[in-house]
1. Residue check: is residue 115 under 19 Å from residue 141 (Cβ atoms), among the aromatic types (Phe, Trp, Tyr) and touching a Lys or Arg at 6+ places or on another chain (Cβ under 8 Å)?
2. Residue 233 versus (1) modelled with pLDDT under 70; (2) under 20 Å from the mean Cα position of the chain (by Cα); (3) not hydroxyl-bearing (Ser, Thr, Tyr): which is the lone unmet condition?
3. Please identify the pairs in which a residue from region 119-130 that is of a type outside the set (S, T, N, Q) has its Cβ atom under 7 Å from the Cβ atom of a residue that is part of a loop (DSSP other than H, G, I, E, B) and at pLDDT below 95, counting only partners at least 6 apart or on another chain.
4. Search region 43-59 for residues being in contact with a Leu (Cβ under 9 Å, 6 or more places away or on another chain) and touching a residue at least 60 places away in the same chain (Cβ under 8 Å), and hand back the single one that is least open to solvent (accessible area, probe 1.4 Å).
5. Looking only at region 199-216, how many residues end up being over 11 Å from residue 253 (Cα atoms), in contact (Cβ under 8 Å) with a residue 60 or more places away in the chain and either among the hydrophobic types (A, V, I, L, M, F, W, C) or open to solvent by less than 40 Å² (accessible area, probe 1.4 Å) (or both)?
6. Of (1) modelled with pLDDT under 95; (2) under 21 Å from residue 104 (Cβ atoms), residue 35 satisfies all except one. Which?
7. Do any strands (runs of 3 or more DSSP E) entirely within region 85-192 hold 1 or more residues that are modelled with pLDDT of 95 or more and among the β-branched types (Val, Ile, Thr), and if so, which?
8. For region 102-120, give me each residue that is surrounded by 19 or more Cβ atoms within 10 Å (Cβ to Cβ), over 14 Å from the mean Cα position of the chain (by Cα) and of a type in the set (A, V, I, L, M).
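The values are calculated or read from the model by the stated rules, or taken from the named source; none is laboratory data. These numbers were taken from a predicted model, which means no experiment stands behind them. All Cβ positions, even for glycine, are placed from backbone atoms using ideal geometry, and neighbour counts span all protein chains on display. Ligands, DNA and RNA are stripped out before the accessible areas are found, and what is left, the full protein with its side chains, is counted by its heavy atoms. Shrake-Rupley method; radii C 1.70, N 1.55, O 1.52, S 1.80 Å.
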Amino acid sequence: MKQISILFVFAFLFVACSTVPITGRSRLNFVNDSKVLPASFAQYKGFLEENKLSTDKKMTNQIKDIGENISEAVDRFMRANDMTSEANSYKWDFNLIEDKTVNAWCMPGGKVVFYTGIMPICANENGVAAVMGHEVAHAFAKHGQERMSQGRMQQITGAAVALGTSNEAPKTQQIWNTAFGVTTGLGVLKFSRVHEQEADRLGLVFMIMAGYDGTEAAEVWVRMSEKSNGKSQPEILSTHPSNSARIQDLRTYLPTAKMYAAKYNGNANRKLKN
């Protein structure tokens, strides 16, 4: 029975795996968008009702314009690469919230929020595009759905550990449960850092596809690092890569991002004309 259960789990994981376009990374996602997106859209609506929109029309329009340009590049890519139904599921929206917090985020399905606190870090149009590309990339790569899937798998694995050690002495059970908690905790942090790096790289491709200067992406993190005065917790204990690691990776990946942007822009244009 245990062997059958193990085979079932492996078969389930194999079926639930897919590949992130462009990066080629294998991801585990068995969360249905038809259930996730309506909840995401409802939460986004509630957030906007409870928070103050910026009254700065110039900055607000900049967020909306750049968001539309980058989401159009993503949409163009998806429709040119047999992802039409997925492209149709996104309901892109971009808003600027009056808040000094240095943050921006994107919910599954394309709901993007910038806080006014991040605008000095963005500094210019290309900086906004870099942050926008990064946030849009999270939705494109379905990082939210993947984390939900990972959470469910942790629950399943935790239950399996508890079941497998149920006949052991209490001290042995405690050792196994502690080991499981530590390793899965660090695993989640590493998984988040993988997502952040992937969003950096995909965002770089998308901002270049939309016509923005990709060299500014690394400069955003230079400014972020300067604001934090170099203070950050060890990378292994952070959900994000270190600022220095991001700066280096973005600069190193820039030629590859330009190559992908040119390739997919070309593919998109050729296919859309047919």
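1. Numbers: under 19 Å from residue 141 (Cβ atoms): no; among the aromatic types (Phe, Trp, Tyr): yes; touching a Lys or Arg at 6+ places or on another chain (Cβ under 8 Å): yes.
Spelling it out, it is not the case that residue 115 is under 19 Å from residue 141 (Cβ atoms), among the aromatic types (Phe, Trp, Tyr) and touching a Lys or Arg at 6+ places or on another chain (Cβ under 8 Å).
2. (2)
3. Short answer, once both residue conditions are applied: 121/102.
4. First, pick out the residues of region 43-59 that are in contact with a Leu (Cβ under 9 Å, 6 or more places away or on another chain): 53-54, 56, 59.
Restricting the remaining residues to those that are touching a residue at least 60 places away in the same chain (Cβ under 8 Å) gives 54, 56, 59.
Values: 54: 17, 56: 61, 59: 52 Å².
For region 43-59, the residue satisfying everything is 54.
5. As a first pass, look at region 199-216 and keep what is over 11 Å from residue 253 (Cα atoms): 199, 203, 206-213, 216.
Of the ones still in play, those that are also in contact (Cβ under 8 Å) with a residue 60 or more places away in the chain are 199, 203, 206-207, 209-213, 216.
When the remaining residues are screened for being either among the hydrophobic types (A, V, I, L, M, F, W, C) or open to solvent by less than 40 Å² (accessible area, probe 1.4 Å) (or both), the result is 199, 203, 206-207, 209-210, 212, 216.
Total meeting the criteria: 8.
6. Unmet for residue 35, out of (1) modelled with pLDDT under 95; (2) under 21 Å from residue 104 (Cβ atoms): (2).
7. On the way: elements: 93-97, 104-107, 111-115.
Ranges flagged: 93-97, 111-115.
8. Within region 102-120, 118, 119 qualify.
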